[in-house]
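The values are calculated or read from the model by the stated rules, or taken from the named source; none is laboratory data. What you see is a predicted model, and the numbers here were worked out from it, not measured in a lab. As a convention, Cβ positions derive from the backbone with ideal geometry for all residues, glycine included, and neighbour counts pool all protein chains shown. With ligands, DNA and RNA removed, areas are computed over all heavy atoms of the protein, side chains included. Shrake-Rupley method; radii C 1.70, N 1.55, O 1.52, S 1.80 Å.
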Amino acid sequence: MRFLRRNSDDKADTAAVEETGVDVEEPANRAFTAGKGKPTPKRRDAEARRRGPVAPAPQTTREAMRRAKQTRPSKDERRAATAERRERMMAGDDKYLMPRDRGPVKAYVRDLVDSRRNLLGLFMPLAIVVFVALLMPNPIVQNYATLVCLAMLIMMILEGVINGRRVTKLVRERFPKETVRGASIGWYAFVRASQIRKLRVPKPRLKPGDAIPR
């Protein structure tokens, strides 16, 4: 019966064509676009495919250590990176300084301390003298060395207090918008002044007697 209905429909179409003289066709859908047959890949999957296959996760601790050793920089590279960091730190680069030494305020305090000669710079040599004097078998030498060192220590403390107040005042005048704590700035100046000049970190930018740049 299906074939009969189909044949009858075909005959009807043929008769319509013969009667009108116009070929009847189904209208084509111009807006229709043929599909690609597969979904569009995600950007993450496409990038991963370009990078290549991902190595599987290590199965053992030894394998993980071996991979870490392969990706780790060589000894020469680490040594060069350490030397570069230390050089930049000694030069005063804020990026490589410790948090306590960063900022223009601390740099200005260092310049104030480094541009003067301080009695506090003899603190470490004085400690060595006291240690050697205590090892001397002569009690008279020990007594005199102790008195001299005690007098110098008192003078150093007084100089540190006076210098801390002076530095705090100058810092507040130079940076009026900054919150300056006198105890913190004074202690920072005290520690800086008590270090030997050649051992200060970062290195002094000024010599004793140099004018502080504006």
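For the stretch 130-207, give the magnitude of the charge dipole about the Cα centre (Cβ charges: +1 Lys/Arg, -1 Asp/Glu; no others), in debye to the nearest 20.
640 debye
Evaluate E = 1/(1 + (r/R0)^6) for Leu134 and Ala211, where r is the Cβ-Cβ distance and R0 equals 45 Å; express this FRET efficiency to the nearest 0.05.
0.60
If you average 1/r across every pair of different Cα atoms in the stretch 102-181 and take the reciprocal, what Kirkwood value do you get, in Å?
About 14.8 Å for the stretch 102-181.
Please calculate how many Å² of accessible area the stretch 104-214 carries per residue, with a 1.4 Å probe and no DNA, RNA or ligand atoms counted.
67 Å²
Report the gain in length on full extension from Met155 to Leu119: 0.36 nm times residue separation, minus Cα-Cα distance, nm rounded to one decimal.
Value of the extension gain: 12.2 nm.
Treating only the Cβ atoms of Lys and Arg (+1) and Asp and Glu (-1) as charged, compute the dipole magnitude of the stretch 51-162 about its Cα centre; round to the nearest 20 debye.
So the magnitude is around 860 debye.
Based on the alpha-carbon set only, what is the convex hull volume of the stretch 69-111 divided per residue, in Å³?
Dividing the Cα hull volume of the stretch 69-111 by its residues yields 71 Å³.
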